Amino acid sequence: MPEHLKALIVILVVATVVFALARVPACAIATSPNDFVRRRNLWLGITTIAFLAHNFWVYIIAVAVVLALAAQREPNKPAMYFILMFAVPAIPAHIPGMGIIQHFFSIDYLRLLALVILLPAYLALRKQPDTAAFGSTMPDKLLAGFLILQILLMLTVSTFTNMLRIGVFYSFIDIFLPYYVASRALRNIENFREALMGFVLASLLLGAIGIFEFVRHWLLYASLDSVLGFPWDMGDYLARGGEGSDLRAQASTGQPIPFGYVMAVAIGFLLYLRRKAVKPLTWTFGLLLLTVALFTSLSRGPWIGAAAIVIIYIATGPAPLKGFARLGLLALIVVPLLLVTTGGQKIFDLLPFIGSVSSDNVTYRQRLAEISLQVIMEKPFFGAFDYFYSPAMQDLRQGQGIIDIVNTYLSVGLGNGLVGLTLFAGFFIAVAYGIFRSMRTLTDRNDEMYSLGQGLLSVLLGIMVTIATVSSITVIPVIYWSVAGLGVAYARILTTAKAPAVRPSLKTRLAVATAAR
C-alpha cells in the first residue's frame, strides 16, 4: 500500500477517536450536536479529498465546492474557520496566467479557507448596519497604516502588477480578512465560546497526530505534496537531541515551530474553557494532550510562549497568589521527578540558556539581534527590501546557505524600518491594552467575561513573546491576526454593553427598514 494511503488511514483513525472523545464535552460547553457533526464530517471529508485527489487542482476545486456548500448552513463562521484551519497542509501552487501574465496568484489551503469562508462573511458583515466600520478603533487604524506602508514601499521596488498581487491581494486575504471577520462576527459570549472551542478541538486533533508522529518517527503528511504534484519547501523530517535524536512533530503545519505555537495558543484558550467543563477530568485530559504535543515539537520558542501564557493567565486571575502557589507546588513535584529520569534530563538539556542541546541556536539569535539592529539603523525609517544583501547580514548565512530571520519583529524592522515596526508592534499593544482596559471595567473577577478576557490577553501577550523567537511562517501569522481580531471583538462587546442607550440615527433606521423588506 502506498505511504500516503497508510498515512490517511492513521490520520482518520486518530481523528475519529479524538472527535468521539470530544463530542460530549464540546457539545456541553459550546457547540450544538448538529454543528459538531457537520464540522467533524467536513474535517474528515477535506482530509480524505486531499489524500485521494492525486491532483492539486482537483483537490482545490473539490474542497472549495464542499466548503461553499457547508458555509451556507454555518451560523458561526469563525468557529468553522478555526476547526478546519489545520485539516491539511497549506501546500501552495500558482494559478497560471494563461499567457496574459505569468500567474494570477498563489493558492493554498489557508487562502482557500479565507476566500470561501471569510470573504463571504466579510461581505455580509459590511452590509449589516450594526457592524462597526473599519477604522473606528485604534487597532484598525494601526493595521491600516501598516498595510498601506507595505503597499507604498513595494511600489518603489516592484512592478505595479506585483504590488497588486502581494501588497494588496495577499494582504487582504492573509491579514485583513482573518482580523476583520474575527473582530466583527462575534457578538456575544456564546459566539466566543463556540469559536474558541473550534480552535481547541482543531488543536487537539493536530496534537494527537503530532504525538503519533513523535512516537512512531513518521511524518504523516510528508508524502502529500508529491501526491498532489507540487513540491513544498516545508514538511521535511527534522530531529533534535544529539545522539538518539527525536523526530520533531509537525503534523499538517509543515514545521515543528508552528506546531508548538498552535499548542501554546490552544492551552491558553483551554484555560478559559475549563470553567464551563462539566467534568474536571475532561479539561485535564485535554490540557495534558496539548502539553505533551507541545513538548513533541521540541521547539523552545513555543515553550517560552506557553509558559508566558500560563503565567499571565494566573497573574490576571481572581486569586493570583493561590494560582502561583499551586503552580509552585506542581513544580516541586514535577522537577525532581524529571531530574532523576532519562527523559526528564533530556527535557532540561533542550531548555534555552540552560540545556546543552542546540545551544548554537541561542547564540545565533543573539547575533541576529545585534547585526539586524545595526542594519536597521542604516535605513531606520523605512528599512530596505534588499537587506539580505547587506554585507553585515552575510555573517548570518548558515551552512544551508540561508539567512534565517527567526524573529518576526526584526524581520518587520528590516523590511519596513522603525515606522513599520512601530505600526506592527503598536497594533498588538493597542489590542492588548483594549482587552485589559475592558477587563478592568468588570467588578466580578469570577465572571465568565472576565475569564474570557484573561484567556485572550494571555494568549495575545504569549504570541507577542513567541514571535520574538520565530519567523512568521505557515499558520503563525494567520493565527496572530485572528487572535488580535478576537481581542477587538471582546473589547467592543464590553464597550457596547456599558454604553448608554441612544436613539439610532435616521440613516441607520432607514437601513434597518430597508433590510426588513
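Using unit Cβ charges (K, R positive; D, E negative) and no other charged atoms, how large, in debye to the nearest 20, is the dipole of the chain about its Cα centre? I would put it at about 1980 debye.
What are the residues whose amide H is under 5 Å from the amide H of Arg240, where those residues sit 5 or more places off or on another chain and H is modelled from the backbone? Here the answer is Asp246, Arg248, since their amide H atoms fall under 5 Å of that of Arg240. Separation of segment 3-63 and segment 391-425 by C-alpha centroid, Å? If you average the Cα positions of each part, the centres end up 38 Å apart.
What number, in percent, do you get for the relative contact order of the chain if the mean sequence gap of Cα pairs under 8 Å and at least 6 apart is divided by its residue count? Each step should come with its number before you reach the end.
Details: 686 pairs, mean separation 92.4, N = 517.
It rounds to 18 percent for the chain.
For segment 227-239, the Karplus equation 6.51 cos²θ - 1.76 cosθ + 1.60, evaluated at θ = phi - 60°, returns couplings of 5, 7, x, 10, x, 10, 7, 10, x, 7, 6, 10, 10 Hz by residue, with Gly and Pro reported as x.
What value, in deg cm²/dmol to 500, does the helix sum -39500 (n - 2.57) over DSSP H runs of n ≥ 4 give at 222 nm once divided by the residues of the chain? It would help to have the intermediate numbers written out before the result.
Working: 20 runs with 331 residues, N = 517.
It comes out at -21500 deg cm²/dmol, rounded to the nearest 500.
Annotation: peptides 11-17, 245-251, ranked by per-residue average of other Cβ atoms within 10 Å with the highest first, follow the order 245-251, 11-17. Amide H contacts of Phe104 (H built 1.01 Å from N, in plane; Pro and chain starts excluded): Ile95, Gly97 sit under 5 Å, all sequence-distant by 5 or more or on other chains.
Distant-in-sequence amide contacts of Ser471, defined by a placed amide H-H separation under 5 Å and a gap of 5 or more residues or a different chain, comprise Asn407. Solvent exposure of Lys379, expressed as accessible area, is near 110 Å², computed with a probe of 1.4 Å over the protein chains only. Protection proxy ranking of 295-301, 172-178, by the mean of other Cβ atoms within 10 Å over each peptide's residues and highest first, is 295-301, 172-178.
Which length gain, in nm to one decimal place, applies between Leu21 and Asp233 when the Cα-Cα distance is subtracted from 0.36 nm times their residue separation?
72.9 nm
Taking packing as the residue-averaged number of other Cβ atoms within 10 angstrom, the listed peptides 23-34, 458-469, 122-133 run from highest to lowest as 458-469, 23-34, 122-133. A full extension of the chain between Thr284 and Asn188 corresponds to an added length of 31.9 nm, given 0.36 nm per residue minus the alpha carbon distance.
Classified by the C-alpha gyration tensor, segment 154-274 has an oblate form. Its axis ratio a/c, with a ≥ b ≥ c, is 1.5 or above, and a/b does not exceed b/c. Once Kirkwood radius over Cα pairs in Å is calculated for the structure shown, the corresponding label among [x] 37.0; [y] 38.0; [z] 24.1 turns out to be [z].
Helix hunt in the chain: which complete DSSP H runs extend at least 20 Å axially by C-alpha with mean Kyte-Doolittle at least 1.6? Correct list, ordered by number: 3-29, 56-71, 138-155, 256-273, 280-296, 320-339.
The values are calculated or read from the model by the stated rules, or taken from the named source; none is laboratory data. Bear in mind the structure is a predicted one, so any value in this text is a computation, not a measurement. Cβ atoms come from the backbone with ideal geometry, glycine included; neighbour counts cover every protein chain shown. Accessible surface areas use protein heavy atoms only, side chains included; no ligands, DNA or RNA. Shrake-Rupley method; radii C 1.70, N 1.55, O 1.52, S 1.80 Å.
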